[in-house]
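The values are calculated or read from the model by the stated rules, or taken from the named source; none is laboratory data. Computed from a prediction, not measured in an experiment: that's the story for all the values here. Cβ sites come from the backbone with ideal geometry, for glycine too, and all protein chains shown count toward neighbours. Please note that ligands, DNA and RNA were not included when accessible areas were found on the heavy atoms of the full protein model with its side chains. Shrake-Rupley method; radii C 1.70, N 1.55, O 1.52, S 1.80 Å.
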Amino acid sequence: MDFYSLMLRRPHVADAQEADVDPLESCLLDRNLSIGTSTNATTTRYEIRHPDDNQRDIAIQVSLFVARPPRLSNILISCAGTQFTEQPIIVATFEGLVLLSIPFFQDRSSESQFFLYQPGAPSLYPIPQPSGDKRLDPQQYCACILPHGGNGDYLVTGLVNEEPGEFDLFLYSSLTHTWTIKRPVLAVPGDGSILHMTYNAIPVGGSMVAFVDIWTGILFCDVLDGESPKVHHLPLPSTSISKESAPRVLSVSTPRDVLIQKVSGSSHLCIRFIEVVCSPIFESWRVTSWSTTTTMTTPWCHLDGWRKYQDVCDLDLSVADGVCYDGLLPETSEWDSDGEEDGQRTLGSLYLDMPRMSLHQDNVVCFMAKRYMKKLGTWIIVVDMANKILQGVYQCVRLTKDISYSTVSFHVDMAAAPVVKGDLKRLGARLESYPQKKFCHEQMVSSPNSEQVNSIMATQDGDEMDLDQE
């Protein structure tokens, strides 16, 4: 299977019979949008006159398709009157709002444009880039959405740190439809040597945002606290790996995740940090998680140190009844058994990446898993860290680079979103590289009561995708 074929393989789309009647508290989103014209009750369009041709319109259409984890939920996008110049991505989500980056040709140039998508009450609005020389490039810097006021208004904010100790805080208000750029300062000057790259931006209550660098730590900032808001740095726990050593030690790309949630009935925040370390030499992996508590009000205070509370290795893991992982492990014939008598492979032979902690199920973590470090095929596995149980397995039928949990599924009427059949293609692939006929078998078994779903992928010429159920 070549690279372009993997990128063109189509995501599974639940049909009306398969869709959950009750909304999902959270879903697992593929952060890379897929090209497709399928529609449902979340579909909306945005149309503008082409800036270079008054006789032509640009129309962008987006739709959300939700699936129960470990299956991936997807946003489909199509564009008429112009073309994409980079991969459209999900920048952030908050409750029922989705912040998108959609780069396309306009004004004889290409620029990544923010769009705010609301699938529950379908709408799509552009958010212009700041005027002047400074830009918040959504393809390079993370941003987040947070509510502002009681009438559905919101803020979009992102933190840029290009020099140690020097920050630009971008802030967009839906009330004024304008950007402001602030210059935050570190609350503790001794932290000025930090060069912070935001992997995730998390609203934690009010106007407080946590900008997470999975290597250097978390920066907390009240984005509405004047023109020079204070930035408070919380280091992550010290582990055996660092950003510099990770490429040599790990076989993964983003082996860490941070989850921040408000403690019910208090002004405290519970912060969880998780790390996966794979050893390709000894065919084993270990997942460790830590937790700590902070206040979320001024004066900001770290209440206690990091506490290790979960430690799971591949040998600890058992498999839940009814979960089938046939095909997940490498075939014995594909390996050199190095003199082993049985030649069998275990879960330790997997390369784990991208741990993602569930937003509504304590101790549940999803991972991206690969049978071979340098192969393109990926799986999603679900692990109950507390009970050390493999709960679910899902084989990705296309190239998946980044995933994240989101509560946007809770704000969508699942029963009112039947699928209209249509084409689904992954952006960036060349149609001429796609084989004439492909058959794609997609399987997910997550519990004894789960259904096994097969999807047949159509040909490159736009034939419909049939959805069958066993």
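Just a few scattered comments:
- Summarising the amide proton neighbourhood of residue 37: residues at separation of 5 or more, or on other chains, whose placed amide H is nearer than 5 Å comprise 423.
- Phi-based couplings in Hz for the stretch 201-207 (Karplus 6.51, -1.76, 1.60; Gly and Pro marked x): 10, 10, x, 10, x, x, 9
- Residue 193 accessible area, assembled protein chains, probe 1.4 Å, Å²: 100 Å²
- Between residue 293 and residue 215, the simple spin-label model (points 7 angstrom out along Cα→Cβ) gives 3.3 nm.
- Residues of the stretch 97-236: accessible area per residue with a 1.4 Å probe, Å²: 41 Å²
- Solvent-accessible ranking of 257, 57, 321, 413, largest area first, probe 1.4 Å: 321, 413, 57, 257
- In a fully extended conformation the segment linking residue 308 and residue 131 would gain 59.1 nm over its present Cα-Cα distance, using 0.36 nm per residue.
- Efficiency of FRET from Cβ geometry, residue 318 and residue 48, R₀ 41 Å, rounded to 0.05: 0.15
- With both labels modelled 7 Å from their Cα along Cα-to-Cβ, the residue 279 to residue 188 distance reads 3.3 nm.
- Residue-wise HN-Hα coupling along the stretch 388-402, computed from phi with Karplus coefficients 6.51, -1.76, 1.60 (Hz; x: Gly, Pro): 6, 10, 6, 9, x, 9, 9, 8, 6, 9, 8, 5, 10, 9, 8
- Using 0.36 nm per residue and subtracting the Cα-Cα separation, the extra length available between residue 22 and residue 56 on full extension is 8.1 nm.
- In this structure, the amide hydrogen of residue 236, modeled 1.01 Å from its nitrogen in the peptide plane, lies closer than 5 angstrom to those of 217, 218, counting only residues at least 5 positions away or on a different chain.
- According to the calculation over all Cα-Cα pairs in the stretch 123-213, the P(r) per 10 Å bin from zero is 15, 49, 30, 6, 0 %.
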